[in-house]
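The values are calculated or read from the model by the stated rules, or taken from the named source; none is laboratory data. As the structure is a prediction and not an experimental result, all values here were calculated from the model. For neighbour counting, all protein chains shown are included, and Cβ atoms are generated from backbone atoms with ideal geometry for every residue, glycine included. In case anyone asks, the SASA skips ligands and DNA or RNA and just uses the protein heavy atoms, side chains included. Shrake-Rupley method; radii C 1.70, N 1.55, O 1.52, S 1.80 Å.
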Amino acid sequence: MRLEKKSPCKVNLILNILGRRPDGFHELETVMQPVNICDEMTFERAGTSLQLTCSHPELPTDAKNLVHRAATAFLAAAKISDGVKIHLKKNLPLAGGIGGGSANAAVTFSALNELFGSPLPLGKLHELAAALGSDVPFFLYDKPALATGRGEKIQTLEDFSALKGKAFFLVHPGFGISTPWSYQNLARFPEALNGQAGRAQKLVSLLQAGDLTAASAEIYNSLEAPAFDKFPVLELYKEFLRENGALMAHMSGSGSTTFAIAENLDDADALAEKFKSQFGDRSWTATVAI
Ligand code: C5P
């Protein structure tokens, strides 16, 4: 049997950091929205060991790769010693703040569980996912979610009525931002480091009530502070998109991807064209219906 799976990405509609924890991680509240722009993965039972191949030459295929680590953790937890062959076709940018690698890991857990007849319950997959990275558990659920803790505590939500019929435009500038770097440099921005709890829940209520105008005013990302300080072009992108028809625009996660919300897919495509005529077409861009 050979499984073919899409591995999507996400944007953070809000990322509100609530301070540094004694364990070095940061307490946060975030609203994560799945985005249907995907890497492609295949899984099959073959050979006698774990074999990972990847279309992207810069990605390692050994234990440094999250997919490899997810597969190893799954096989150990399920006490399976059979061989597995995995291929990752990378379409999404690396280090983009849209969770591409985290999704690859989550899809690996779900797909291997399916391939071997569901030996592990969802709760166990969640535990293994959280051990790999703060954003990984979110991708096990395929739904918008309010995430808390260091991002691994997931409360899934129904699709937001405020986003019905809308579309995303995403742009990755061609350079990535390291997540540890972002969090370390947040220390220089005390206001962004110590956000007030409750903002994410307020945003959820407005999105559920269908009020995108009011919701847009609440969309916020603490990690823009260090990112915009080092890469002012990202702030320029955001301003340009807002001035050229986006209903809102923000950086996602620890960056460097900026996302904009448009009224519909045609408007998102028009925004993409305007963006490219202003900044050139060498960045990675994508539009997709929500
Ligand atoms: O959990 P993940 O592997 O994505 O985290 C990468 C790094 O980002 C952590 O090692 C930590 O430096 C930082 N981080 C953090 N607080 C979070 C999530 C990540 O400080 N809530």
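Restricting the first member to segment 178-192 and to residues that are assigned by TED's automatic domain parsing to the domain that holds F231, and the second to residues that are basic (K, R) and modelled with pLDDT of 95 or more, the beta-carbon pairs closer than 8 Å and six or more apart or on different chains are N185/K230; A187/R20. Within segment 178-218, the set of residues being within 20 Å of K143 (Cα to Cα) and not in a helix (DSSP H, G or I) comprises G210, D211. Only one of E127, E158 is in a loop (DSSP other than H, G, I, E, B) and either open to solvent by 50 Å² or more (accessible area, probe 1.4 Å) or not hydrophobic (A, V, I, L, M, F, W, C) (or both); which? The match here is E158. From L92, L132, which residue is touching a Gly at 6+ places or on another chain (Cβ under 6 Å), buried (at least 20 other Cβ atoms within 10 Å of the Cβ) and within 30 Å of L15 (Cα to Cα)? Step by step, each of L92, L132 is checked, and only L92 is touching a Gly at 6+ places or on another chain (Cβ under 6 Å), buried (at least 20 other Cβ atoms within 10 Å of the Cβ) and within 30 Å of L15 (Cα to Cα).
When segment 201-220 is limited to residues that are among the small types (G, A, S) and under 22 Å from R242 (Cα atoms), the one that is farthest from the ligand (Cβ to nearest atom) turns out to be G210. For the subset of segment 79-107 comprising residues that are of a type in the set (A, V, I, L, M, F, W, C) and touching a Lys or Arg at 6+ places or on another chain (Cβ under 9 Å), which member is farthest from L3 (Cα to Cα)? So, considering only residues that are of a type in the set (A, V, I, L, M, F, W, C) and touching a Lys or Arg at 6+ places or on another chain (Cβ under 9 Å), the one farthest from L3 (Cα to Cα) is I98. So which residues in segment 135-181 are within 14 Å of the ligand (Cβ to nearest atom) and among the hydroxyl-bearing types (S, T, Y)? T148, S178, T179 - these are the residues of segment 135-181 that are within 14 Å of the ligand (Cβ to nearest atom) and among the hydroxyl-bearing types (S, T, Y).
So which strands (runs of 3 or more DSSP E) are wholly in segment 1-78 and hold at least 1 residues that are within 16 Å of the ligand (Cβ to nearest atom) and buried (at least 18 other Cβ atoms within 10 Å of the Cβ)?
Numbers: elements: 2-20, 26-45, 50-54.
Fully inside segment 1-78 and qualifying: 2-20, 26-45.
Q208 meets all of the listed conditions (1) without any contact (Cβ under 8 Å) to a residue 60 or more places away in the chain; (2) assigned by TED's automatic domain parsing to the domain that holds L15 but one, namely (2).
Checked against the criterion of being surrounded by fewer than 17 Cβ atoms within 10 Å (Cβ to Cβ), out of contact with any Ser or Thr (no Cβ under 8 Å at 6 or more places or on another chain) and in a helix (DSSP H, G or I), segment 250-264 has no qualifying residue.
Quick check, is A95 modelled with pLDDT under 95, within 16 Å of the ligand (Cβ to nearest atom) and of a type in the set (A, V, I, L, M, F, W, C)? I'd like the intermediate steps shown before the answer.
Numbers: modelled with pLDDT under 95: yes; within 16 Å of the ligand (Cβ to nearest atom): yes; of a type in the set (A, V, I, L, M, F, W, C): yes.
For A95, the condition - modelled with pLDDT under 95, within 16 Å of the ligand (Cβ to nearest atom) and of a type in the set (A, V, I, L, M, F, W, C) - is met.
Quick grid of which residues meet (1) in a loop (DSSP other than H, G, I, E, B); (2) assigned by TED's automatic domain parsing to the domain that holds P34; (3) out of contact with any strand residue (DSSP E or B) (no Cβ under 9 Å at 6 or more places or on another chain):
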{"residue": "G96", "(1), (2), (3)": "yes, yes, no"}
{"residue": "F109", "(1), (2), (3)": "no, yes, yes"}
{"residue": "G117", "(1), (2), (3)": "yes, yes, yes"}
{"residue": "A131", "(1), (2), (3)": "no, yes, yes"}
{"residue": "F138", "(1), (2), (3)": "no, yes, no"}
{"residue": "K143", "(1), (2), (3)": "yes, yes, no"}
{"residue": "A147", "(1), (2), (3)": "no, yes, no"}
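Which ones in segment 239-248 are surrounded by fewer than 24 Cβ atoms within 10 Å (Cβ to Cβ) and either closer than 20 Å to G176 by Cβ or in contact (Cβ under 8 Å) with a residue 60 or more places away in the chain (or both)?
Selection gives L247 alone.
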